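Comments concern the structure below.
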Amino acid sequence: MTATDGSPSRSDRAIGLIVTDLDGTLWERPEAVPAATRRALHDVVEADIPLLVATGRRVVSTRDPLLALGVRPPAVVLNGALGLDLATNRRFHVGGFDAADAVRVLAVFAAYGIDPCIYVDHDAPSVWVGPEPSTHPDHLRSFGDDVGAGRLDEIVADHAVLAFGVLGIPESVASAIGDALRDLAMPHVAPDRQYGGHTLTVAPPDQSKWDGIAAYCSANGIDAQTVLAMGDGPNDLEMLEHALVAVVPADAHPAALELADQVIGTAADGGWADVIHLL
């Protein structure tokens, strides 16, 4: 079937790129990935269709668990702020905050008594925190050596800020800050699957994972209208909307399920492996 303008219709296009979210989509917890998902992941990586990861995680927390699974695909991290090849660190996309907007976002966090993590475009450390970080202690420990401490107002003045985030805080606080930031930035509030409570990540205004995906397609000669995208959360909506095929786990956020062309099993049950049957 052909569209009225003579171009191939949606149903006629072959999939040119597979894009997957991580938490809640590829895995429920990275240390407990079902065997079926592991096998399917390697089958996809070895296939002709390229695989791109798109996640809210930072570079290290994306690369290390994927490396433990034996793969190093390219990735869009921090909800579209940065795109890079995990094997070489070569960037294909760099977003981030305008300096003045970063200062304003930090002021909103401060007004609610929250000291966020600040993610910067710097290999080490790529995360900065203040003297009393508000993120969950286990999240803070997970940074290992990839974290610096200092005055946050000086950090936003001296670094290119990619994103802000805080994990494991009460839903009421996360939602209040998210609402206060909505005219200034792109806040994402979601239940925290790992630490409990809620996660708040804040990206630049109008930025989404799709920015990095589109940049990857442009850099590699891929038609951006041939993407199969897999995601489960509010921060996946833009890429699901743009995708040729939107694939969503059964326990996803209701807004993501509304966009689904295909619904697969949950990440905990190895539902990601169902992508093999959609290629």
Pairing a residue in the range 261-276 that is under 13 Å from A32 (Cα atoms) and at pLDDT 95 or above with any residue that is of a type in the set (V, I, T) and not in a helix (DSSP H, G or I), where Cβ atoms lie under 7 Å and the two sit 6 or more apart in sequence or on different chains, gives A267/T25
Query raised in the report: Being modelled with pLDDT of 95 or more, more than 19 Å from V275 (Cβ to Cβ) and not in a loop (DSSP other than H, G, I, E, B), is that true of even one residue in the range 183-190?
Result: no
Being open to solvent by 60 Å² or more (accessible area, probe 1.4 Å) and not β-branched (V, I, T) narrows D145, D121, D192 down to just D145
Per the filter on the range 148-167, residues in contact with a Gly (Cβ under 8 Å, 6 or more places away or on another chain) and either surrounded by fewer than 19 Cβ atoms within 10 Å (Cβ to Cβ) or farther than 18 Å from A102 by Cα (or both) are A149, G150, R151, A160, L167
Sole miss for K209 among (1) closer than 24 Å to A99 by Cβ; (2) surrounded by fewer than 21 Cβ atoms within 10 Å (Cβ to Cβ); (3) of a type in the set (D, E, K, R) is condition (2)
If we keep only residues of the range 138-160 that are in a helix (DSSP H, G or I) and of a type in the set (D, E, K, R), then the residue nearest to G95 (Cα to Cα) is D158
Next on the checklist: Looking at the structure I just gave you, is G196 within 22 Å of V245 (Cβ to Cβ) and modelled with pLDDT under 95?
Outcome noted: no
Scanning the range 232-244 residue by residue, those surrounded by fewer than 21 Cβ atoms within 10 Å (Cβ to Cβ), touching a strand residue (DSSP E or B) at 6+ places or on another chain (Cβ under 8 Å) and hydrophobic (A, V, I, L, M, F, W, C) turn out to be L244
Scanning the range 124-137 for residues that are outside any loop (DSSP other than H, G, I, E, B) and open to solvent by less than 20 Å² (accessible area, probe 1.4 Å), the one farthest from V103 (Cα to Cα) turns out to be V127
Within the bounds of the range 100-115, is there any residue that is among the aromatic types (F, W, Y) and under 23 Å from G178 (Cα atoms)?
-> yes
Counting only residues that are touching a helix residue (DSSP H, G or I) at 6+ places or on another chain (Cβ under 6 Å) and crowded, with 24+ Cβ neighbours inside 10 Å, the range 214-231 contains a total of 2
- Query: On the given criteria, is V166 under 16 Å from the mean Cα position of the chain (by Cα), outside any helix (DSSP H, G or I), modelled with pLDDT of 95 or more and under 20 Å from H253 (Cβ atoms)?
  - Reply: yes
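The values are calculated or read from the model by the stated rules, or taken from the named source; none is laboratory data. Since the model is a prediction, treat every value here as computed from it, not as a measurement. Reconstructed Cβ throughout: ideal geometry from the backbone, glycine too, with neighbour counts over all protein chains shown. Side chains included, ligands, DNA and RNA excluded: accessible areas come from the protein's heavy atoms. Shrake-Rupley method; radii C 1.70, N 1.55, O 1.52, S 1.80 Å.
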